[in-house]
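J.: Sending over a structure as structure tokens; questions will come in a sec.
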Amino acid sequence: MTDGDPVVPQGARPYQGTNAGVATRVAAAAIDVVLVALGLLAGYGGYVGLRLLLDPRGYRLPDPSLAGGMTAFFVVLVLYLSVLWGTTGRTYGDHVMGITVVGGHGSRLGPIRAFVRAVLYAVFPLGLLWCAISVRRHSLQDVVLRTQVVYAWLPHPVESHAPDIEGWAKES
């Protein structure tokens, strides 16, 4: 490694630009779910604290509903995923696991495609497990939207693997 190279283990470099497997994707998803849940808890704590500050004598602890909590989680998760996939191609969990979501030929997802992928991901998370049996490691969301999740430790992960990605576009 030269001084200008990012710190990437030599053994991991051959996987740059190849499709990520189910274990990596599930780990990234778990990190993202925990972050969204913690964000919602922090938001709820802020809301409760603000209500207490505004009316300390008449304060009563709010009684959140399960349906409201699930709806808030779904909305925040979809916004989190769609904004990050549409702008950087990766969520924080993806960044930690060294993966990026790309469209055909390695392009970034547009905002609409990122939003639809996020909705499909949130509505049917078990579709992620399809990549465990898919020869090309594609989730059901990848198949429907013609996306893929590639290992991307180095900048521009796909440019050096254009034939692999073009193969996906032709064969699927």
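Nothing in this text is a laboratory measurement; each read-out follows from the coordinates by a stated rule. Model, not experiment: these values are computed from the prediction. Virtual Cβ from ideal backbone geometry, glycine too; neighbours counted across all protein chains shown.
J.: Could you order peptides 118-127, 73-82, 140-149, 46-55 by the average number of other Cβ atoms within 10 Å of their residues, highest first?
T.: Sorting 118-127, 73-82, 140-149, 46-55 by mean packing, highest first, produces 140-149, 73-82, 118-127, 46-55.
J.: Sticking with this structure for a sec: Report ³J(HN,Hα) in whole Hz for each residue of region 118-124, in order, from the Karplus equation J = 6.51 cos²θ - 1.76 cosθ + 1.60 where θ = phi - 60°; Gly and Pro get x.
T.: Once θ is set to phi - 60°, the couplings for region 118-124 become 5, 5, 4, 5, 6, 6, 10 Hz.
J.: Net charge near Leu35: determine it from the other residues with C-beta under 14 Å of the C-beta of Leu35, scoring Lys and Arg +1 and Asp and Glu -1.
T.: Every neighbour counted, the sum reads -1.
J.: Quick check: Cα centre of region 36-98 to Cα centre of region 111-131, how many Å?
T.: 20 Å
J.: Next question, about the same structure. Where does the charge balance sit around Val78 when Lys and Arg score +1, Asp and Glu -1, over other residues with C-beta under 14 Å from its C-beta?
T.: With Lys, Arg at +1 and Asp, Glu at -1, the net is +1.
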